[in-house]
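Where a number appears in this text, it was derived from the coordinates with a stated rule and is not lab data. The structure presented is a predicted model; accordingly, all values stated were derived computationally and were not measured. We place every Cβ from the backbone using ideal geometry, glycine too, and count neighbours over all the protein chains shown.
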Amino acid sequence: MKAREEIQKIIASIPQVRWATHPKEVLKAVPSGIPELDRALGGGFPKGRISILYSDNFASSGRFSIAIYTVSNITREGGNVAWIDADGSLDPYLLKQYGADMRRILLVKGRMPQKKALKVLEEIVRHAFFQIVIFSFVSWKNLVWTPSLNLRVLKTLEQSRIALLLLCKQKPEGLLSNLCCVALPPLKPFFDERHRLFLGAFLDSPTFSIFLPYRASYTFYPIEGGKYG
Amino acid sequence: MGNMQKEKVSPTERPRFACILIPSFPLQALLRSNPSFSSKKVCVLDGDIIAFCSSSALASGIRRGMTIAQALSIAKDAVLCNCPPEVISSAQSALLDIAFSFSPLVEPIQNGTVVLDISGTQQRFPSVFGLGASIEAMCKKNLFSSVRVGIADGIKLSIVTARAFEGVSVVFKGHEASHLSKAPIESLAPSQALLAIFKKLGINKVSDLLKLNPKGIGTRLGNEALKLYLLAQGEDNTVFNPITPTTTFEEALRLDYSLEQAEPLIFLLSSVIERLFVRLEGRGFVCSKLVLSLQLEDKACHVIPLELPRPSNDIKTILQLFKLSLDKNPPPSPITGFSLQATPAKKTMAQAHLLGPPEPEPSSIDSLIVQIASIVGAENVGYPVCDERKYFSGAFLLTHEPSALPSLSSEVSEQSQKPPVIALRKFNPPKEISVLLRDGVPVAIEQGYFRGHIRQCAGPWFMEASWWSNEHRFGAFYDVALGDGRILRLWHDLVEDKWFIEGVYD
């Protein structure tokens with residue numbers, strides 16, 4: 001019960017969503033598939049705009065999980081997604097575990113310099129094939145997002161009606177307007193003594209209220225009666 | 001289309017053959033390969049004599065049959081050159097491609113002249129005049145500035161019609177004599193001896209030949225003259241010998257100077273690729289592979305193959321890829337010419353869903369993949385292929401062919417309904433750390449950005465994988481929570497007794 005109460009407390013502090021544009025503006029959105037997040041965002045990640053998931057330098061905040069869950073949700077519905085994995089941190093096996101349709105995910109992988117990654121991003125958003133483009137650069141210290149680049153990307157996004165989702169450590173400097181910022185607090189893990197596993201809270205969603213670190217699809221051997229810290 | 005005959009014709013009377021004739025073919029082939037010559041006074045030589053001259057050369061007073069010295073005395077700025085055989089060959093291939101884009105049955109007559117069987121094209125071109133205009137437009141698109149199209153019910157008749165009249169001319173069955181009567185006698189292509197006799201007799205037009213008594217033509221002028229007479233009357237029994245459509249596309253360029261830098265070569269390459277892709281598009285193909293053969297000053301050949309990740313006709317991206325290839329593999333000596341060979345591929349087709357969301361055009365996605373590949377490399381873009389045998393190493397490949405991947409199984413869909421795990425953001429490569437242990441259990445990470453006290457720890461989960469290969473892994477996973485809320489996955493390599501951070505739960 002104590003764990004449940006703590007989860008409720010965390011949920012109360014999440015998500016800190018704010019809009020830079022007029023709040024009454026109606027935008028078409030790409031739903032993330034997480035009802036609570038979609039409700040908070042007014043339907044999902046807005047099309048033709050830049051959305052940012054960041055967590056003020058917290059390493060574990062759930063932004064990656066939100067992105068993966070969103071991608072899986074969109075591809076299952078028949079949508080197409082592009083993922084620019086600029087820091088080489090995406091594990092496609094995880095996408096598969098989440099039930100994503102791999103035939104609908106165009107992945108650009110590998111550790112690449114910012115200039116190259118931004119060039120790829122500009123090239124991808126120019127083509128209106130995708131419902132959402134994920135640009136992941138969580139391990140980067142900072143992103144040099146110049147006002148001219150911002151203007152170019154926004155203009156292209158508005159034409160192509162693509163939702164652009166940035167996954168970053170902190171909010172990049174230079175992002176001026178028309179943003180949808182979601183600041184996530186750090187994950188708070190709970191340790192299940194009985195099952196010797198971590199449990200945790202993740203937004204106010206029944207699907208995410210509890211997570212287990214592993215799925216049963218692969219064979220792991222927890223040692224019975226092992227010692228834990 | 002000045003000589004179009006606006007006569008009504010029933011579908012059964014539709015002429016069967018069309019001849020495409022490029023006048024002054026060597027000159028047009030040269031202008032096609034060097035578009036910068038179009039505004040210059042260009043003359044093509046046959047030995048020391050001028051064989052063909054451009055309109056601006058004609059305007060300045062240069063005529064066919066003049067010597068080089070005579071031409072230069074009239075216009076000092078005249079460009080006098082021979083047409084290289086490879087340029088002629090490229091232009092002839094382009095002409096054949098134009099013909100094949102209208103009909104699968106094509107017979108090349110000579111350089112600059114092809115005949116195609118147009119029967120069965122009624123659905124696409126209800127009017128033969130429309131067909132002729134389309135052929136003319138396609139020739140212009142392929143940089144042939146002047147074209148003659150003759151449409152008639154026989155092979156030789158169509159050739160004579162094309163020779164005789166400018167633009168598009170159509171001769172309907174039964175109207176051959178009346179139509180061709182206006183044509184000059186040379187259009188029947190008599191031998192030099194017979195032409196001399198015709199001239200002596202004052203036969204300058206086909207109408208003059210048709211006025212003669214047919215009974216006397218054979219005995220007085222010979223069998224050849226009789227055949228020409230019958231041809232002008234509309235009797236043409238020439239057998240049609242179509243060739244198999246070619247699947248190789250090649251364009252060549254020979255330079256009068258040598259190139260030492262990549263930039264001017266890329267500039268010249270762009271026009272060659274453009275010409276090549278116009279030919280490919282005309283035949284409904286896209287390019288899957290290109291081979292650039294550079295002729296070097298020392299007579300050697302430097303070959304640069306370019307395999308495209310997906311078939312594409314995106315010139316800008318292909319030029320960028322060539323630029324990268326030239327940077328990696330520069331030619332050892334200056335370039336004096338080059339040829340570019342393209343391997344065609346069929347355009348990617350996809351079946352869209354009736355009720356599903358709109359699908360992007362496959363050829364546009366192919367083009368995007370090629371564009372991204374030119375920035376990050378072909379191996380770093382594509383659709384992920386998860387090989388379960390490589391799960392623990394995390395290795396995966398990217399394919400450029402999404403249809404090769406398995407479709408979403410119902411098992412996966414069911415699995416996705418279960419509560420999902422929190423995602424592990426992997427470190428690439430895993431970070432090696434040193435860990436403080438107490439009773440065999442990690443209690444602190446001692447170095448680096450992730451230094452800190454381990455508050456809680458789950459595991460170990462022992463794992464042994466790929467024992468049959470060189471990628472053998474044996475060790476244990478731990479999930480640890482640090483004091484500041486970070487949850488990490490640690491990997492303890494039991495073979496080398498090393499600790500790594502595999503990633504962070506995020």
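Given their separation in residues at 0.36 nm each and the Cα-Cα distance between them, residue B:76 and residue B:56 gain 5.9 nm when the chain is fully extended.
Within segment B:135-184, the ratio Rg/Rh, alpha carbon atoms throughout and Rh by Kirkwood, equals 1.02. Placing +1 on each Lys and Arg Cβ and -1 on each Asp and Glu Cβ, with no other charges, gives chain B a dipole about its Cα centre of roughly 2380 debye. Taking each of B:289/B:323; B:289/B:347; A:119/B:289; B:156/B:205; B:140/B:347 in turn, the alpha-carbon distance tops 19 angstrom for A:119/B:289; B:140/B:347.
Mean projection of the Cα convex hull over all viewing directions, computed for segment B:26-151: 8.1 nm². Tell me the net charge near residue B:309. Cut-off is 13 Å between Cβ atoms, residue B:309 excluded, with +1 for each Lys or Arg and -1 for each Asp or Glu. Once all neighbours under 13 Å are counted, the net charge is -3. Each peptide among B:45-52, B:360-367 gets the average number of other Cβ atoms lying within 10 Å of its residues, and from highest to lowest they stand as B:360-367, B:45-52.
Using θ = phi - 60° in the Karplus curve 6.51 cos²θ - 1.76 cosθ + 1.60, the 3J(HN,Hα) couplings for segment B:105-117 round to 10, 9, 10, x, 8, 7, 4, x, 9, 9, 10, 10, 7 Hz; x is entered for Gly and Pro. The string of couplings for segment B:46-60 from the Karplus curve (6.51, -1.76, 1.60, θ = phi - 60°) is 10, x, 9, 9, 6, 9, 9, 9, 6, 4, 5, 5, 4, 5, 7 Hz, one whole number per residue in order, with x for Gly and Pro.
Answer rounded, prolate or oblate for segment B:249-346, using the Cα gyration tensor with square roots of eigenvalues a ≥ b ≥ c: rounded when a/c is under 1.5, else prolate when a/b is larger than b/c, else oblate. Taking the square roots of the gyration eigenvalues as a ≥ b ≥ c, segment B:249-346 is prolate. A dipole drawn for chain B from +1 and -1 charges on Cβ atoms has a positive end, and of B:338, B:501, B:36 the residue lying farthest that way is B:36. Pick out, from B:461, B:15, B:272, the residue whose Cα sits farthest towards the positive end of the charge dipole of chain B, with +1 on the Cβ of Lys and Arg and -1 on the Cβ of Asp and Glu. In chain B, that residue is B:15. Amide H to amide H, with H built 1.01 Å from N, residue B:485 comes under 5 Å of no residue 5 or more places away or on another chain. Divided by 2.2 N^0.38 Å, where N counts the residues, the Cα radius of gyration of segment A:16-183 comes to 0.93.
Spin-label model, residue B:453 to residue A:151: label points 7 Å out along the Cα-to-beta-carbon direction sit 5.3 nm apart.
Calculate, in nm to one decimal, what residue B:211 and residue B:224 gain on full extension: separation in residues at 0.36 nm each, minus their alpha carbon distance. It would help to have the intermediate numbers written out before the result.
On the way: separation 13, 0.36 × 13 = 4.68 nm, distance 1.68 nm.
Once the chain is fully extended between residue B:211 and residue B:224, it gains 3.0 nm.
Residues whose amide H falls under 5 Å from that of residue B:82, counting only those 5 or more places apart or on a different chain, are B:45, with hydrogens built in the peptide plane. Using only alpha-carbon positions in chain B, the gyration tensor eigenvalues give semi-axes of 71, 29, 16 Å once each is multiplied by 5 and square-rooted (largest first). Peptide A:74-87 shows a mean partner chain C-beta count of 3 within 10 Å per residue C-beta. As a rough guide to protection, the peptides A:117-130, B:318-331 ranked by mean Cβ packing within 10 Å, highest first, stand as A:117-130, B:318-331.
Evaluate the distance, in nm, between pseudo-label points positioned 7 Å from the Cα of residue B:328 and of residue A:142 along their respective Cα→Cβ axes. It works out to 3.5 nm between the two label points.
Once R0 is set to 41 Å, what does the formula 1/(1 + (r/R0)^6) return for the Cβ-Cβ distance between residue A:39 and residue B:141, expressed as a FRET efficiency to the nearest 0.05? Working from the Cβ atoms, E equals 0.15. Residues A:140, A:83 in ascending order of nearby Cβ atoms (within 10 Å, fewest first): A:140, A:83. Averaged over peptide B:433-445, the number of partner chain Cβ atoms lying within 10 Å of each residue's Cβ comes to 1.
Between the listed residues B:139, B:168, B:214, the Cα displaced farthest toward the positive end of the dipole of chain B, a dipole computed from Cβ unit charges relative to the Cα centre, is found at B:214. Shown here is the pair-distance distribution of segment B:24-82: with all Cα-Cα distances grouped in 10 Å bins from zero up to the longest one, the shares run 27, 60, 12 percent. Each of residue B:256 and residue B:109 was given a label point 7 Å from its Cα along the Cα-to-Cβ line. The distance between the two points is 3.3 nm.
Phi-derived couplings, Karplus 6.51 cos²θ - 1.76 cosθ + 1.60 at θ = phi - 60°, listed residue by residue for segment A:142-152: 7, 10, 7, 10, 6, x, 5, 5, 4, 5, 4 Hz, with x used for Gly and Pro. Counts of other chain beta carbons within 10 angstrom of each beta carbon in peptide A:102-115 average 6.
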